Amino acid sequence: MRIFIDDLRSVDMSHNPNKGLGLVTDFVIARDDKDFIKLVDENINDITLVSFDHDLACWVDGNEFTGKTACEYLIDKCLEVGRKFPDWYVHTDNTCGRENILGLILNYIKKFDGVDTSDFRYFHRGRMNGKFV
């Protein structure tokens, strides 16, 4: 399962077949925190890729739920079930949000998946089929 979390955009606005992420119809869209949490909870072992937006316009108990929050939730679930982080892509236009999401993911895959991230440049956005893009 490929998850695209974004409150406004459609998958084809951020991805096309040339990126190697598959067809836009291969994605399940999560528009808010409830959609994303439900997809992760019900399909954690079947998630192959998550494409993150940062600004989701979601509020949960007075706290903003962002792409970073979604990433944290996914990391917690991966740790809970003992699985590697799925392939990922950060499609947000928010540069600070992008760095926050990337920092979380890179820290996780370095610490728990044993991937050497020391030669990564800031523009790396994801991992596909074991190769960084």
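The values are calculated or read from the model by the stated rules, or taken from the named source; none is laboratory data. The structure presented is a predicted model; accordingly, all values stated were derived computationally and were not measured. Cβ placement follows ideal geometry from the backbone for every residue including glycine, while neighbour counts extend to all protein chains displayed. The area values use the complete protein model at the heavy-atom level, side chains included, leaving out ligands, DNA and RNA. Shrake-Rupley method; radii C 1.70, N 1.55, O 1.52, S 1.80 Å.
Within the range 44-80, the set of residues being in a loop (DSSP other than H, G, I, E, B), of a type in the set (A, V, I, L, M, F, W, C) and open to solvent by 10 Å² or more (accessible area, probe 1.4 Å) comprises Ala57 only. Of all residues in the range 11-70, those satisfying the criterion of being touching a Pro at 6+ places or on another chain (Cβ under 9 Å) and closer than 25 Å to Glu99 by Cβ are Ile47, Thr48, Leu49, Val50. Among all positions in the range 8-28, there is no residue which is touching a Cys at 6+ places or on another chain (Cβ under 9 Å), surrounded by 12 or more Cβ atoms within 10 Å (Cβ to Cβ) and part of a helix (DSSP H, G or I). The number of residues in the range 29-38 being open to solvent by 30 Å² or more (accessible area, probe 1.4 Å) and either outside any helix (DSSP H, G or I) or within 19 Å of Leu79 (Cα to Cα) (or both) comes to 5.
So for the range 112-127 (the condition being modelled with pLDDT under 90, assigned to a strand (DSSP E or B), surrounded by 14 or more Cβ atoms within 10 Å (Cβ to Cβ) and not hydrophobic (A, V, I, L, M, F, W, C)), does at least one residue qualify? Yes; the residues of the range 112-127 include at least one that is modelled with pLDDT under 90, assigned to a strand (DSSP E or B), surrounded by 14 or more Cβ atoms within 10 Å (Cβ to Cβ) and not hydrophobic (A, V, I, L, M, F, W, C).
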